[in-house]
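Let me begin by presenting the structure, written as structure tokens, before commenting on it.
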Amino acid sequence: MSHSRFVFLGVLLAGLVRLEDFCLAAEPQRPNIVFIFADDLTCQAISSYGEKRRLLQTPHMDRIAREGMRFDRCLVTNSICGPSRATILTGKYSHLNGFYNNSNGRFDGTQTTFPKLLRQVGYSTALIGKWHLVSDPTGFDHWHILPGQGVYYNPPMIRNGEKVDHTGYVTDLITDLSLDWLKQRDRSKPFLLMCQHKAPHREWAPALRHLGWDGDRKHPEPETLFDDFAGRSRAVLEHDMGLDRTFTDLDAKFRRPANLNELQLESWNKYYAPRNAEFRETAPTGKDLVRWRYNRYMHDYLACVKGVDESVGRLLEFLETEGLAENTLVVCSSDQGFFLGEHGWFDKRWIFEESVRTPLLVRWPKVVKPGGVENRIVSLMDFAETFLDVAGAEIPPDMQGRSLLPLLKNQAPDDWRTSLYYHYYEFPVPHHVRPHYGVVTDRYKLVHYYKPDIDEWELLDRERDPLEVRNFYDDPAYAQTVADLSDELARLRREVKETDPPPRSAYGNERFEGEATPESKKR
Ligand code: CA
């Protein structure tokens, strides 16, 4: 080969190498996704949400908010566990994904879900923790779940279809198993990890190390702890989720939770036994009893949140140590909000703010500027499209949410939604919350309680009545607002392809009309 030919070949080869470099560089590195999902975690319990009661410090969740974005109005479409999970997976309302309630719901795993689509574009996918959708998970390379609700201590779990026993506290175990999977993952692929906690779900059983964390503090009370529901719909009056009427022995820790071993029971008794004895001695009644229950509830619930916050800290630290933090989208959220004594309640289900609003904290240093706060209405329904969007995967046209990616980049489109449709079904048990649907805007909520033997409307005005204790529906000054919101509600019902009426099975209980028995009356 002549010299000139040799040089020519060399240049050509160098060019090819550079071309290959260029192609590699042009291929964007797809982000990893860590979805940390708690059950019944509410904004009032997260310090970065700045609730004035200052119930708890959550330094690790606060870190996500500080280094990323806090969404202040992430709303759910049906405020209850299973349905929210089905909505997240499918990006669709309950009436289209078929999972309406926790009583008879069973997720149809043949549906298109975002983990399946991420897997198709080359992601490793894992689900660890609470699943709660009855059928086996689909779309995951690896799954390790609690059966049903699961238990807090020494929980049996199911790993890819096989039963496994564990010793320890559920939040810690789910975190350990999540880290184990991350360490053993296929490093040639981007990953989706769904780390789904049971905590702080009822019966709010803390890690033993957190018992007594509050030094027997009297927790600040919500202004509506003794709400009398004056002027409100009969639906609200007939609730069965009050600290005054619905609090069970298990809730109060007069009865011990399942599965504690002897050694664990000793620590458990060391905290609860003397305090329960004091309760029996003083035997509080009326408002004093409600206050006692509220403080027991806050000790237990918030201790469970402390456990979740520590889990968040461990996952963030791992990403940091592995050098993965920069290009990993970390999303921390919950399947709905929860009442922490507001209206005298625990639980969720209602369209009211504490229940319909859920935490959403997002960190992705490569893309999201630190310290952002987003007030636009977003929804759990948007998660599927967001995950697909950040992974560069195609978004199926029948998903009903919207990718949050533009919001994360501070490039919100002008036509972002200003209202959201809501529909809750499960009735009468548990908690006797009547089926209702409605529209939520920045300021208002228009709600229709429609079943059974009821046909009542409420209009809430968060600007004039942030505690949501008044019904403005029949106030003549609001006639135009009611008319406008009725139009918007009708528009949304068409847009989301609402099925009218919903199938009878949507309500989840065989005995239904005429047999509505509040949970408390059965005991
Ligand atoms: Ca839940």
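The values are calculated or read from the model by the stated rules, or taken from the named source; none is laboratory data. Quantities reported herein were computed from a predicted structural model and do not represent experimental measurements. No Cβ is skipped: glycine too gets one built from the backbone with ideal geometry, and neighbour counts run over all protein chains shown. With ligands, DNA and RNA removed, areas are computed over all heavy atoms of the protein, side chains included. Shrake-Rupley method; radii C 1.70, N 1.55, O 1.52, S 1.80 Å.
Checking each residue in the stretch 166-208 for being assigned to a loop (DSSP other than H, G, I, E, B), over 30 Å from Tyr297 (Cβ atoms) and touching a helix residue (DSSP H, G or I) at 6+ places or on another chain (Cβ under 9 Å) picks out only Pro190.
Only one entry in Gly122, Gly105 is in contact (Cβ under 8 Å) with a residue 60 or more places away in the chain, touching a Phe, Trp or Tyr at 6+ places or on another chain (Cβ under 6 Å) and either assigned by TED's automatic domain parsing to the domain that holds Val76 or open to solvent by less than 20 Å² (accessible area, probe 1.4 Å) (or both), namely Gly105. Scanning the stretch 220-240 for residues that are among the charged types (D, E, K, R), over 24 Å from the mean Cα position of the chain (by Cα) and open to solvent by 40 Å² or more (accessible area, probe 1.4 Å) yields Glu223, Asp228, Arg234, Glu238.
Hey, could you check the stretch 69-89 for residues that are polar (S, T, N, Q) and in contact with a Gly (Cβ under 9 Å, 6 or more places away or on another chain) and say which is farthest from the ligand (Cβ to nearest atom)? Filtering first and then ranking leaves Thr87. What do you reckon, is Gly313 touching a residue at least 24 places away in the same chain (Cβ under 8 Å), buried (at least 19 other Cβ atoms within 10 Å of the Cβ) and away from the ligand (no atom under 16 Å from the Cβ)? Here the answer is no, as Gly313 does not meet what is asked. Restricting the stretch 150-162 to residues that are part of a strand (DSSP E or B) and touching a residue at least 12 places away in the same chain (Cβ under 8 Å), the residue that is surrounded by the fewest Cβ atoms within 10 Å (Cβ to Cβ) is Arg159.
Scan the stretch 28-60 for residues that are open to solvent by 10 Å² or more (accessible area, probe 1.4 Å), part of a loop (DSSP other than H, G, I, E, B) and closer than 30 Å to Ser188 by Cα and jot them down. Listed by number, the residues that qualify are Pro28, Gln29, Arg30.
Matching residues to (1) more than 16 Å from the ligand (Cβ to nearest atom); (2) of a type outside the set (A, V, I, L, M); (3) not assigned by TED's automatic domain parsing to the domain that holds Arg53:
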site: Phe346; (1), (2), (3): no, yes, no
site: Ser355; (1), (2), (3): no, yes, no
site: Pro359; (1), (2), (3): no, yes, no
site: Val362; (1), (2), (3): yes, no, no
site: Val373; (1), (2), (3): yes, no, no
site: Leu380; (1), (2), (3): no, no, no
site: Pro396; (1), (2), (3): yes, yes, no
site: Gln400; (1), (2), (3): yes, yes, no
site: Gln411; (1), (2), (3): yes, yes, no
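Checked against (1) part of a loop (DSSP other than H, G, I, E, B); (2) open to solvent by 50 Å² or more (accessible area, probe 1.4 Å), Asn509 passes all but a single condition, namely (2).
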